[in-house]
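Read the structure below first, then the notes.
The values are calculated or read from the model by the stated rules, or taken from the named source; none is laboratory data. Note that the coordinates shown come from a computational prediction; the quantities given were computed from them, not determined experimentally. Cβ sites come from the backbone with ideal geometry, for glycine too, and all protein chains shown count toward neighbours. When the accessible area is computed, the model is the full protein with side chains, heavy atoms only, and any ligands, DNA or RNA have been set aside. Shrake-Rupley method; radii C 1.70, N 1.55, O 1.52, S 1.80 Å.
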Amino acid sequence: SNDIYFYKAGEAVGIERLNRWARKLGVGRPLGIEIAGEAAGLMPDPAWKKERFTSRADLEARNHLWFLGDTYHVAIGQGYLLTTPLQVNTWTNSIANGGKLCRPTIKKGVRDCHDLGIQEETVRLITEGMKRACEPGGTGWPLFNFVVPVACKTGTAEFGDPDDKTHAWFTVFGPVEAPEISVTVLVEGAGEGSDIAAPIAKKILEEWFRR
């Protein structure tokens, strides 16, 4: 889990393709769970920024333009990008299930999924990266040597707090080869994902695999 890698990956992909795939995954819209008040989040792009920053002062400062730095921020999950824990969990499931987007539901036995068209090799590479993030040398240290092999991603998201507090994120699925469960944890203003959110996810996984 390395910001520099994602900066360069985002630069190579470009904001237009990042935006297209993010919207395929449900960024910027409710996913349709049967609970009132689901938030949409936000997937920014040059058109959104130009529309959003339209005051004379903004135009004079050229803030309506999309810069490479904006793409860097989106690529690491920062900047104007807004997501919900449900959205992050849904993306996690899309990797765990081999590339399908499934509408989250509270109804047992209901499946509403469609194939995203992600190449099998891409799913395999992402899975391998998430697996290594939860192995010694990765960032998901609470899940090192867990009872089953898991695949995870830590997150530490800035949100403009005057005291530099950050949101702690962690998402994980397992077992890697035959996934049974995915868990996404967000602890607002709590610190680093590896230190704060990952131990919570670990307790949930321990309870699940204790069955």
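Keeping to pairs on different chains or 8 or more places apart, tell me how many lysine pairs in the stretch 89-199 have Cα atoms under 20 Å apart.
5
What dipole magnitude, in Debye to the nearest 20, does the stretch 1-100 give about its Cα centre under +1 on Lys/Arg Cβ and -1 on Asp/Glu Cβ?
On the way: 12 positive and 10 negative charges, 50 e Å.
That gives a dipole near 240 debye.
Work out the length of the dipole vector of the chain about its Cα centre, built from +1 on the beta-carbon of each Lys and Arg and -1 on the beta-carbon of each Asp and Glu, and round it to the nearest 20 debye.
On the way: 25 positive and 27 negative charges, 132 e Å.
With only Lys, Arg, Asp and Glu charged at Cβ, the dipole is about 640 debye.
So which aspartates and glutamates can residue 24 reach, going by Cα to Cα under 13 Å and dropping same-chain residues fewer than 8 places off?
16, 115
Place a +1 charge on the Cβ of each Lys and Arg in the stretch 72-168 and a -1 charge on the Cβ of each Asp and Glu, then give the dipole magnitude about the Cα centre in debye, rounded to the nearest 20. Write out the running numbers ahead of the final one.
Working: 10 positive and 10 negative charges, 106 e Å.
It works out to roughly 500 debye.
For an R0 of 30 angstrom, estimate the FRET efficiency from the Cβ-Cβ distance between residue 2 and residue 34 and round to the nearest 0.05.
On the way: r = 38 Å, r/R0 = 1.26.
Computed FRET efficiency for residue 2 and residue 34: 0.20.
Put +1 on the Cβ of every Lys and Arg and -1 on every Asp and Glu Cβ in the chain; which of 30, 14, 148 then has its Cα farthest towards the positive end of the dipole?
Checking the options against the dipole of the chain, the answer is 30.
Using helices alone, I'd like the mean residue ellipticity at 222 nm for the chain: each DSSP H run of four-plus residues gives -39500 (n - 2.57), total over residue count, nearest 500. List each step's numbers first, then the result.
Values: 8 runs with 79 residues, N = 211.
Helix-only estimate at 222 nm: -11000 deg cm²/dmol.
So if we plug the beta-carbon distance of residue 50 and residue 187 into 1/(1 + (r/R0)^6) with R0 = 35 Å, what FRET efficiency do we get, rounded to 0.05?
Details: r = 34 Å, r/R0 = 0.99.
After rounding to 0.05, the efficiency reads 0.50.
Using 0.36 nm per residue, how much length does the chain from residue 203 to residue 161 gain when fully extended, once their Cα-Cα distance is taken away?
12.3 nm
Carbon-plus-sulfur fraction of the accessible area of the chain, 1.4 Å probe, in percent?
Working: 6610 of 12310 Å².
For the chain, the apolar C and S fraction of the accessible surface comes to 54 percent.
Find the accessible area per residue for the stretch 76-211; the probe is 1.4 Å, ligands and nucleic acids are left out, and the unit is Å². Walk me through the intermediate numbers first.
Working: 7580 Å² over 136 residues.
Result: 56 Å² per residue.
Which residues does the label zone of residue 106 cover in the stretch 14-44, counting backbone N under 19 Å from a point 7 Å along Cα→Cβ?
Only 30-40 pass the distance filter.
Highest mean first, how do 120-133, 83-96, 182-195 rank when packing is the count of other Cβ atoms within 10 Å averaged over residues?
Numbers: 120-133: 15.1, 83-96: 20.8, 182-195: 19.1.
Top to bottom by mean Cβ count within 10 Å: 83-96, 182-195, 120-133.
Compactness ratio of the chain: Cα Rg over 2.2 N^0.38 Å, N = residue count?
On the way: Rg = 17.8 Å, N = 211, 2.2 N^0.38 = 16.8 Å.
In units of the globular-protein estimate, the chain measures up at 1.06.
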